[in-house]
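To keep things clear, I will list the structure first and then write my remarks on it.
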Amino acid sequence: MTALTLSSADPTGLKVDAIVVGIAATADGPALLPGAADVDAALGGSLAATLKQVGATGKADDVTKLPTGGVSAAPLLVAVGLGKVSDDEPTLEQIRRAAGAAARSLAGTDSAAFSLPASGAEQAGAVAEGLLLGAYAYNEYKTSDDVKGPLGAVTIVGPGVKAKTVKGAVDRATVVAEAVNQARTWVNMPPRDLPPKDFADAAVKHAKGVKVDVEVLDEKALAKGGYGGIIGVGQGSSRPPRLVRIAYRPADATKHVALVGKGITFDTGGISLKPNDGMVTMKCDMAGAAAVLAAVVALAKLGSKVAVTAYGALAENMPSGSAQRPSDVITMYGGKTVEVLNTDAEGRLVLADGIVRAGEDEPNLIVDVATLTGAAVVALGTRVSAIMANDDDLLEQIHDSSGRAGDQMWPLPLPEELREKLDSPVADIANVGDRNGGALQAGLFLREFVADGIKWAHLDIAGPAFGDKAYGYTPKGGTGAGVRTLIQIVADVEAGLIASE
């Protein structure tokens, strides 16, 4: 990952390949933001006018590159837009996004100084998080010699960045970005190379050296334990399922959060086969498990005072002679029976097993994360995740957490009148109803498996988990959606901002 250092020096004197400054969009053209003053002075106060002349707008993600003409040790100046800014005080998300856009534009560059607004710990942390996320690249399968690697090293420049609080914020941002980027890498891996066993092995390796306990249940243990959802989904594949449990237990923890992630390493739809166009991106169907497994390790590294247990329910949904059939009835972990009317509604089956098992740990809160429904994408688009919960206050609290974390999410209801659509004449519940309100019906299905007295929230990340184009700090492909929100939720439980009782 891109190496970071901190400096309060004049950025024009730093021996780097590029200097990054921020500009805002105004009615009169681009306006310089804090951090750009030293570069502007070196250019004789002409920077804003020059940028306007070459077409810079200051809009979000707008990147303009100029030669410095020898007035700086760095040969290149990069001006990145933050959009409209109120009173020279950009939001943390504006800073993160601008830093990410600049870092993406500098792929293949050895070093840079980022002189964006960084007057305190929060702003400096936002710069660090944004640039580390923007510098991510997945090139493992590319063989061309001209493939550009990520930006090599960055010096974050600003007044007071040497302060202990600033260093702490940058260190935290580094751990968070590492977790997001790990989830991205797992999502981006070709499904042939990341079946359930290999994903479980990768999670175990990722947790090595961190103070967590790791348990992996193979297909024999799952069958013996009665995990009918995970076994049922995975039985059509020659590559059997797994359940990964990573538990973080800090001393004297009084609160406990359980995270459950859907880990369908490839989703063909099973017997209810998807069309090819709907299958191409289905390597991302394990993004929920990637999010929870990366998040719990990050929380352990950050020293959270809240106990956290993450469950990754991993299976490959394939059609074969051994695959489950529409109208099969399976017995879930905990004993509830489900009529499987559509084998392509498989994610809720593996999640339900995980939610019941998580409830046995008696957590204060369960949060599940999944690329669950196309209906959520229809409702909210490709950049916004859905939030559902069994408690209205919790719903709003998690919405607030997600916004501060930088993930776009929106609350959706769980209308009681839709529950009857899941009624089955032969089992306790069916895995699908009709097409109307499909995302909400999926949430209602999952709610059936939450133990009484436990608060629960469901994050449907089907839209933003895998992107078709890059923007800000978000790359094309796996995005790591949900990781930062999970980390923020646990931090907010610790701070008392999310009521866990």
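Rank the residues Thr254, Thr485, Thr337 as a footprinting-exposure proxy: fewest other Cβ atoms within 10 Å of their Cβ go first. Kindly include the intermediate steps, with their values, before the conclusion.
On the way: Thr254 10, Thr485 28, Thr337 14.
Listing Thr254, Thr485, Thr337 from fewest to most nearby Cβ atoms yields Thr254, Thr337, Thr485.
If you plug each phi of the range 192-204 into the Karplus form 6.51 cos²θ - 1.76 cosθ + 1.60 with θ = phi - 60°, what whole-Hz ³J(HN,Hα) values come out, in order, with x for Gly and Pro?
3J(HN,Hα) across the range 192-204, in whole Hz: 4, 9, 9, x, x, 4, 5, 5, 4, 4, 5, 5, 4.
Neighbour counts of other C-beta atoms within 10 Å: give me Met286, Met1 arranged from fewest to most. Write out the running numbers ahead of the final one.
Values: Met286 35, Met1 12.
Least to most surrounded, the residues fall as Met1, Met286.
Quick check: pseudo-label points 7 Å beyond the Cα along Cα→Cβ at Val63 and Trp410, how many nm apart are they?
2.9 nm
Could you calculate the FRET efficiency of Ala9 with Arg192 from 1/(1 + (r/R0)^6), where r is the beta carbon distance between them and R0 is 60 Å, rounded to 0.05?
Rounded to the nearest 0.05, the efficiency is 0.75.
Quick one: P(r) of the range 154-291 from all Cα-Cα pairs, 5 Å bins, percents rounded to integers, in order of increasing distance.
2, 8, 15, 18, 17, 13, 10, 7, 5, 3, 2, 1, 0
Could you calculate the contour length gain from Asn342 to Val378, that is, 0.36 nm times the residue separation minus the distance between their Cα atoms, to one decimal place in nm?
Here the segment from Asn342 to Val378 would lengthen by 11.0 nm.
Antiparallel versus total DSSP beta bridges in the range 221-375: what percent is that, nearest 5? If you can, show how the numbers build up before the last one.
Values: 11 of 27 bridges.
If we restrict to bridges inside the range 221-375, about 40 percent are antiparallel.
Taking a ≥ b ≥ c as the square roots of the Cα gyration tensor eigenvalues, with a/c under 1.5 meaning rounded and otherwise prolate when a/b beats b/c, else oblate, which class fits the range 331-405? Walk me through the numbers on the way to the answer.
On the way: a/c = 2.71, a/b = 1.24, b/c = 2.19.
Cα axes put the range 331-405 in the oblate bin.
For Lys52, give me every one of the lysines with a C-alpha distance below 16 angstrom, ignoring sequence neighbours fewer than eight places off in its own chain.
Lys65, Lys84
Which whole-number percent gives the relative contact order of the range 390-498, counting Cα pairs below 8 Å spaced six or more residues apart?
Numbers: 104 pairs, mean separation 34.3, N = 109.
Relative contact order for the range 390-498 comes out at 31 percent.
For the chain, what's the relative contact order in percent, using C-alpha pairs closer than 8 Å and at least 6 residues apart?
On the way: 1273 pairs, mean separation 72.3, N = 501.
With pairs under 8 Å counted, the relative contact order is 14 percent.
Considering only DSSP beta bridges whose two residues both sit in the range 3-159, what percent are antiparallel, to the nearest 5?
Details: 9 of 27 bridges.
Bridges in the range 3-159 that DSSP calls antiparallel: roughly 35 percent.
Using each residue's phi in the range 100-105, evaluate 6.51 cos²θ - 1.76 cosθ + 1.60 at θ = phi - 60° and report the 3J(HN,Hα) Karplus result to the nearest Hz, with x for Gly and Pro.
Listing the rounded values in order: x, 4, 5, 5, 4, 5 Hz.
Taking the Cβ-Cβ separation of Glu417 and Ser327 as r and a Förster radius of 25 Å, what is the calculated FRET efficiency to the nearest 0.05? Can you show the working numbers first?
Working: r = 25 Å, r/R0 = 1.02.
So the FRET efficiency works out to roughly 0.50.
If a paramagnetic tag sat 7 Å from the Cα of Lys469 along the Cα-Cβ line, which residues of the range 54-98 would have the backbone N under 15 Å from that point?
Answer for the range 54-98: 60-63.
What's the ranking of 161-167, 28-34 by average number of surrounding C-beta atoms within 10 Å, highest first?
On the way: 161-167: 15.7, 28-34: 19.3.
Going by the mean number of other Cβ atoms within 10 Å, highest first, we get 28-34, 161-167.
Ordered by residue, what ³J(HN,Hα) values in Hz, to whole numbers, does the range 216-221 give under the Karplus form 6.51 cos²θ - 1.76 cosθ + 1.60, where θ = phi - 60° and Gly and Pro are x?
10, 9, 8, 5, 5, 5
Going through the range 315-379, which GluC sites (Glu not before Pro) have at most 16 other Cβ atoms within 10 Å and a DSSP loop state? Intermediate results must be reported in sequence, preceding the final value.
Values: sites: Glu316, Glu339, Glu346, Glu360; in loops: Glu346, Glu360.
In loop regions of the range 315-379 (DSSP not H, G, I, E or B), the sparsely surrounded GluC sites (Glu not before Pro) are Glu360.
If contacts are Cα pairs under 8 angstrom and at least 6 residues apart, what is the relative contact order of the range 161-301 in percent?
Values: 155 pairs, mean separation 46.4, N = 141.
The value is 33 percent.
If the label point is 7 Å along Cα→Cβ of Ala163, which residues in the range 108-134 have backbone nitrogen under 12 Å from it?
Once the point is set 7 Å along Cα→Cβ of Ala163, 118-125 turn out to lie under 12 Å by backbone N, inside the range 108-134.
Whole Å is fine, so just give me how far the alpha carbon centre of the range 69-118 lies from that of the range 399-471.
Each part's Cα centre sits 38 Å from the other's.
Provide the percentage of antiparallel DSSP beta bridges, counting only those with both residues in the range 178-495; round to the nearest 5. Intermediate results must be reported in sequence, preceding the final value.
Numbers: 23 of 50 bridges.
In the range 178-495, approximately 45 percent of DSSP beta bridges are antiparallel ones.
Run lengths n ≥ 4 of DSSP H only: what is the helix-derived mean residue ellipticity at 222 nm for the chain, with -39500 (n - 2.57) per run over all residues, to the nearest 500? Display every interim value, and only then the final one.
Numbers: 15 runs with 169 residues, N = 501.
Helix-only estimate at 222 nm: -10500 deg cm²/dmol.
I want to check the label-to-label distance for Asp146 and Val54. Put each point 7 Å from Cα in the C-beta direction and report it in nm to one decimal.
In this crude label model, Asp146 to Val54 measures out at 2.3 nm.
Based on the alpha-carbon gyration tensor of the chain and its eigenvalue square roots a ≥ b ≥ c, which shape applies: rounded if a/c is under 1.5, prolate if not and a/b is larger than b/c, or oblate?
Details: a/c = 2.10, a/b = 1.96, b/c = 1.07.
It comes out prolate by the Cα gyration axes.
Each label point is 7 Å from the Cα along the Cα-to-Cβ direction; what then is the distance between the points at Ala251 and Arg435, in nm?
5.9 nm
Indicate the gyration tensor shape class of the range 3-159 (rounded, prolate or oblate), computed on the Cα atoms with a ≥ b ≥ c the square roots of the eigenvalues: a/c under 1.5 is rounded; otherwise a/b larger than b/c is prolate and the rest oblate.
Cα axes put the range 3-159 in the rounded bin.
Here are some pairs, Lys283/Lys421; Lys262/Lys421; Lys162/Lys208; Lys205/Lys301; Lys208/Lys283; Lys59/Lys148; which of them have Cα atoms lying more than 20 Å apart in this structure? If you can, show how the numbers build up before the last one.
Details: Lys283/Lys421 30 Å; Lys262/Lys421 23 Å; Lys162/Lys208 31 Å; Lys205/Lys301 15 Å; Lys208/Lys283 25 Å; Lys59/Lys148 26 Å.
Checking Cα-Cα distances, Lys283/Lys421; Lys262/Lys421; Lys162/Lys208; Lys208/Lys283; Lys59/Lys148 exceed 20 Å.
So how much slack lies between Lys211 and Ala41, counting 0.36 nm per residue of separation and subtracting their Cα-Cα distance, in nm?
On the way: separation 170, 0.36 × 170 = 61.20 nm, distance 4.95 nm.
The span from Lys211 to Ala41 would gain 56.3 nm if fully extended.
Give me the extension gain from Ala27 to Ala499: residue separation times 0.36 nm, minus the current Cα-Cα distance, reported in nm with one decimal. Could the numbers behind the result be given before it?
Values: separation 472, 0.36 × 472 = 169.92 nm, distance 4.38 nm.
Extra length from Ala27 to Ala499 when fully extended: 165.5 nm.
In the range 20-90, which trypsin sites (Lys or Arg not before Pro) fall in coil by DSSP and have 15 or fewer other Cβ atoms within 10 Å? Can you show the working numbers first?
Values: sites: Lys52, Lys59, Lys65, Lys84; in loops: Lys59, Lys84.
In loop regions of the range 20-90 (DSSP not H, G, I, E or B), the sparsely surrounded trypsin sites (Lys or Arg not before Pro) are Lys59, Lys84.
Values in this text are rule-based calculations from the coordinates and carry no lab data. Source: prediction; values computed, not measured. No Cβ is skipped: glycine too gets one built from the backbone with ideal geometry, and neighbour counts run over all protein chains shown.
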